[in-house]
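Accompanying notes for the structure given below.
The values are calculated or read from the model by the stated rules, or taken from the named source; none is laboratory data. The structure presented is a predicted model; accordingly, all values stated were derived computationally and were not measured. Counting neighbours? That spans all protein chains shown, and the Cβs are built from the backbone with ideal geometry, glycine included. Each accessible area value is taken on the protein alone, full model and side chains, heavy atoms only, with ligands, DNA and RNA left out. Shrake-Rupley method; radii C 1.70, N 1.55, O 1.52, S 1.80 Å.
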Amino acid sequence: MQAEIKIGVIGLGYVGLPLARLFATKYPVIGFDINSKRIEELQNGIDNTLEVGSEELKAVLTTAPGDLPGLYCTDDLDILANCNHYIVTVPTPVDRTNRPDLTPLYKSSETVGKVLNKGDIVIYESTVYPGVTEDECLPIVEKVSKLKFNRDFFAGYSPERINPGDRVHTVDNILKVTSGSTPEIGKRVDALYSSVIKAGTHLAPTIKVAEASKVIENSQRDINIAFVNELAKIFNLMGIDTHDVLQAAGTKWNFLPFKPGLVGGHCIGVDPYYLAQKAQEFGYHPGIILEGRRMNDGMGRYISTEIIKLMLRNDLKIKDSKILILGVTFKENCPDVRNTKVIDIVNNLKGYKAKLTIYDPWVSPQEVMTEYDLEVTNTIPNEKFDTIVLAVAHKEFLTISWREMLSQNGVLYDIKSVLKEKVDGRL
C-alpha cells in the first residue's frame, strides 16, 4: 500500500515546503502553490524562506511527476490531480479587527475539491479553532467535488508545529499530533506521518481535539509572555532589572522561563484570536486570553515610549533625530516578517518625526516594502546615530561595535536583552 501513496501538499511556504521535502524522501509528492515565481525558484532548488537548504531541496526534486519518491513543484491543477492524499498547509491570518480570516482555507478547499477522487484523504495542517475542518472546509470540498464526506472521501487533521529559523526542532524532530474523520482513517493518517516523523506521533481521538490542542499551545505561550511583559512594566517603574528578577526566580525547578518582549509572527500573535472567536460564539468571554493579547499587542507602543523617555533623559532632541532599528523580522535568524511587531515600534517612532534607518541582513527589502511600505537595507550603515534599537537578536548584531556608531550622548536600547555589555535601556 505504501508504494501507492501519492501526496499533494497545497501551500509551499514555511510549513508546506519542509513537510513536502520530508515526505518526498519516501513518497511521490506534488508540491502545489499558486505563486508561479515561488514554483520556479523551488524547481531551481532555491527556498527564499531558508527553511530548506539548497542541497537538501535539490536532493529530492524531480524534473517531472512520477511514481518514485521525490518532489515536483507546480501550479498546474491537472498535475495535482494525480495524488490520493492531499495536505493543506495554507496560512490562517486575522483581519484588521483581529477576526479569523479563513479565506486561504476556503480557496484551498475549493482547489482540493476540483481534483479529489473517491477514496482520497484530505488532511489539514493550518491552525484553526475547533470545528473549522469539519464545519467550514469539508462542506466546500463536498460541494465542489460532488463527493460525500466519510463515504466517498475522508479527512484528517495534523496541526503544524514548524518553528521558523529553528535548525534543531525541524519537522521530523517534533512529535506530531494526528487525527482522522473515522477511527480507521485516524490510524491511516497516523501511519502516514509515523513513516517520516522521527520524533513519533500522538493520535488524537477526534479532529476537533487535534484542532484544539494546537490552538491552545500558542495561547498558553502568549499568556505567559503577557505575564512577564506586565512584570517588566512594573519593575521598570520600580527601577528593578526584570531579567535579574527572572534569573533569581528561575532557580526554582518549576519556574517557567519566559522572557518579556514583542510577540509577533504568524502563530502566537494570531492563534489566541481564533480560540477567542469560537469561545464568544458559544457565549463565553475569554477574559484571560484576550487580556494577554491586549498586553502583548501594546508592547510596541510601550517600548517606543520608553525609548523616547531615555532619549530625553540624555538631552537628545527627538524631532529629526537619527534612529537605527536593528532587525525587522518577527524573530531572530530567519527572514519571516509576517505579523512582526517591530513595525509597531517603527510607526510610533515615526510619529515623533524621527529619521529612521532599518537594517536587517535577513530580509528581502522588496518584501518589506510590499508588505509594510518601509525601506530596509541589507547593509550596515556607515554613519552615526542618536539612538540604536536592537529589536531582533540576529546573530550578526551580537558582534557589532555599538558605541562607535552612536553620536555624543547617543543611547542604545536592547529590547531582547542579549548584549553582554552595559546598555542604556532594555525591557
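Things worth noting here:
- Number of Lys-Lys pairs in the range 323-399 with C-alpha atoms under 24 Å apart and a separation of 8 or more places or on different chains: 12.
- Expressed as a whole percent, the accessible area of the chain that falls on carbon and sulfur atoms is 52 (1.4 Å probe).
- Computed helical MRE - 222 nm, the chain, DSSP H runs ≥ 4 contributing -39500 (n - 2.57), nearest 500: -11000 deg cm²/dmol
- Highest-MSF residue in the chain out of T49, T379, T251 [GNM, Cα springs under 10 Å]: T251
- Computed with a 1.4 Å probe over protein heavy atoms only, the accessible surface of the chain comes to 46 Å² per residue.
- Kirkwood hydrodynamic radius of the range 56-192, from inverse mean 1/r over distinct Cα pairs, in Å: 16.3 Å
- Summing +1 for each Lys or Arg and -1 for each Asp or Glu among the other residues whose beta-carbon sits under 10 angstrom from that of E421 gives +2.
- From the C-alpha gyration tensor of the range 1-113, square roots of 5λ in Å: 24, 17, 12
- Table column - 3J(HN,Hα) (Hz), the range 403-411, Karplus curve with 6.51, -1.76, 1.60, x for Gly and Pro: 4, 6, 9, 9, 6, 4, 6, x, 10
- All-pairs alpha carbon distance profile, the range 117-252, 10 Å steps from 0, percent: 11, 31, 25, 16, 10, 5, 1
- GNM result for the chain, Cα springs below 10 Å: residue of Q366, Q220, Q247 fluctuating most strongly: Q247
- Taking the DSSP bridge list for the chain and keeping only pairs wholly inside it, about 5 percent are antiparallel.
- W362, W253, W402, reordered so the largest accessible area comes first (probe 1.4 Å): W253, W362, W402
- Y302, Y352, ranked by accessible area, largest first (probe 1.4 Å): Y352, Y302
- Hydrodynamic radius (Kirkwood) for the range 243-363, which is based on Cα pairs only, to one decimal in Å: 16.8 Å
- Packing rank of 162-170, 100-108, where each peptide gets the mean count of other beta carbons within 10 Å, highest leading: 100-108, 162-170
- Per-residue surface analysis assigns L290 an accessible area of about 40 Å², computed on protein heavy atoms at 1.4 Å probe radius.
- Bins of 20 Å, starting at 0 and running to the largest distance - Cα pair percent for the chain: 24, 51, 23, 2
- Positive contributions from Lys and Arg (+1) and negative ones from Asp and Glu (-1), summed over other residues with Cβ under 12 Å from the Cβ of L147, come out at +3.
- Gap separating the Cα centres of the range 307-351 and the range 178-211, nearest whole Å: 43 Å
- Computed over the alpha-carbon pairs of the range 204-296, the distance histogram in 10 Å steps reads 15, 39, 30, 13, 2, 0 percent, short to long.
- For the chain, the longest principal axis of the Cα atoms and the long axis of helix 183-194 meet at an angle of about 60 degrees.
- Largest GNM mean-square fluctuation across L356, L42, L398, computed for the chain with C-alpha springs under 10 Å, falls on L398.
- A cut-off under 11 angstrom between Cβ atoms defines the neighbours of V196, and their net charge, with Lys, Arg +1 and Asp, Glu -1, is +3.
- Bridge type composition, the range 1-109 - antiparallel percent by DSSP, nearest 5: 5 percent
- Global form of the range 287-427, assessed from the alpha-carbon gyration tensor, a/c cut-off 1.5: rounded
- Per-residue SASA remark: K395, around 120 Å² accessible (1.4 Å probe; ligands, DNA and RNA not included).
- Only alpha carbons enter this Debye calculation for the range 316-372, each as an equal point scatterer, and the log10 of I(q)/I(0) it gives at q = 0.14, 0.17, 0.30 Å⁻¹ is -0.38, -0.55, -1.27.
- DSSP beta bridges confined to the range 109-231 are antiparallel in about 10 percent of cases.
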